[in-house]
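Below is one structure, written out as C-alpha cells, with a few remarks after it.
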C-alpha cells in the first residue's frame with residue numbers, strides 16, 4: 001500500500017500486517033483464524049545475542065474476553081506469552097513478555113491496538129507455522145554478545161535457567177580454581193569428604209562390633225571354605241566354596257513332584273485296602289451265618 005504521511009506510526013501499523021513479516025499469510029494451521037491487522041500495532045523482542053535467531057507467533061488463544069499470544073523460536077522452543085484482558089485494555093496499550101524457563105532473561109514488549117476485530121474471529125486455540133507468522137527482523141533486537149543464560153540440568157531436580165549476574169558457590173567437597181581464562185571445579189581433600197555421619201539410619205555396629213575409629217571400616221574375614229564378596233551395590237554375598245549343592249532348584253522341583261505323586265498313590269492304596277477289608281468282613285459274616293430254619 002502507499003505511504004500515508006498523515007498517519008502516525010501505530011495508526012499506520014493498524015492498516016497492515018506489521019510486525020508479521022511481509023508476504024506471510026497470518027493464517028492458523030487449520031485455516032480458521034487470521035491475525036487481525038488491528039491487533040498488534042508494534043512489537044520489540046530481545047531474547048538472544050545470536051543475530052541469526054528467528055522468532056514467530058506460534059499460538060494464539062482467543063477467549064473473546066481475553067487473548068493470549070505465544071512466541072517461539074524456529075526450533076519450536078517457547079519463548080514466552082503475552083496476556084491481554086479485554087476488561088482492562090485500552091487502545092495502543094503496552095504488554096510485557098512472560099518468559100519460559102528456556103528463555104529466562106529475555107525481554108519483549110507488544111503494543112495491542114484494538115480487540116474489536118477478534119469478535120469476528122472464532123474462539124479457541126489456534127496454532128501457526130513459522131512461515132505464516134514470522135516476525136519482521138527489525139522487531140528482533142540482538143542482545144550484547146555473551147552468555148544469554150545458563151541452564152542447569154539435574155536428574156533429580158530437573159532443569160533451571162538463570163541469566164544476568166549469576167553466583168556459583170562451592171560447598172561441601174568442592175573447590176574453585178582459576179588459570180588464565182578457565183575456571184575449574186574440583187573435589188578437594190579435607191573439604192568434608194569424610195564428615196561425621198549424622199543420619200539416623202546409618203549402620204554403627206554389626207552384632208555389637210564397632211568400626212575402626214580411623215577408617216570407619218569393619219573387616220569381614222572368610223575362614224576355611226567361606227568366601228565373602230559383593231556381586232551388586234549395597235550387597236554382601238557369603239558362599240561356601242568347599243561344598244556346592246549337587247542338585248539345583250529344578251532338580252528339587254522334579255523330586256518334590258514325584259514325592260507328591262507317590263504320596264497320592266499311597267493314599268489310593270490305603271483306600272483300596274479299606275474297601276477290600278470291608279468286603280472281607282461282609283463275606284465272613286455271610287458264610288458264618290446259620291441257615292437252619294426255625295421249627
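The values are calculated or read from the model by the stated rules, or taken from the named source; none is laboratory data. Just so we're clear, the structure is a prediction, and the values are computed from it rather than from any experiment. Every residue, glycine as well, gets a Cβ built from its backbone with ideal geometry; the counts of neighbours run over all protein chains shown.
Just a few scattered comments:
- Filtering 45, 12 for residues that are touching a residue at least 24 places away in the same chain (Cβ under 8 Å) and outside any loop (DSSP other than H, G, I, E, B) leaves a single hit, 45.
- Residue identified as over 31 Å from the mean Cα position of the chain (by Cα) and not assigned by TED's automatic domain parsing to the domain that holds residue 107 among 162, 168, 144: 144
- Flag for residue 83 being surrounded by fewer than 17 Cβ atoms within 10 Å (Cβ to Cβ) and either assigned to a strand (DSSP E or B) or modelled with pLDDT of 95 or more (or both): yes
- Filtered residues of region 122-164 (kept if exposed (fewer than 15 other Cβ atoms within 10 Å of the Cβ), modelled with pLDDT under 90 and in contact with a strand residue (DSSP E or B) (Cβ under 9 Å, 6 or more places away or on another chain)): 150, 151, 152, 153, 154, 159, 160
- Among the residues of region 98-121, those identified as within 24 Å of residue 15 (Cα to Cα) and in contact with a strand residue (DSSP E or B) (Cβ under 8 Å, 6 or more places away or on another chain) are 108, 109, 110, 111, 112, 113, 115, 118, 121.
- Those residues of region 86-119 which are more than 20 Å from residue 76 (Cβ to Cβ), part of a helix (DSSP H, G or I) and in contact (Cβ under 8 Å) with a residue 12 or more places away in the chain, in sequence order: 86, 87, 116, 117, 118, 119
- Of all residues in region 21-34, those satisfying the criterion of being closer than 13 Å to residue 135 by Cα and either without any contact (Cβ under 8 Å) to a residue 12 or more places away in the chain or touching a strand residue (DSSP E or B) at 6+ places or on another chain (Cβ under 7 Å) (or both) are 21, 23, 24, 26.
- Put simply, of 61, 69 the only residue that is buried (at least 20 other Cβ atoms within 10 Å of the Cβ), under 25 Å from residue 92 (Cβ atoms), under 27 Å from the mean Cα position of the chain (by Cα) and modelled with pLDDT of 95 or more is 69.
- Pick from region 211-237, criterion in a loop (DSSP other than H, G, I, E, B) and surrounded by 10 or more Cβ atoms within 10 Å (Cβ to Cβ), ranking: farthest from the chain's Cα centre (by Cα): 225
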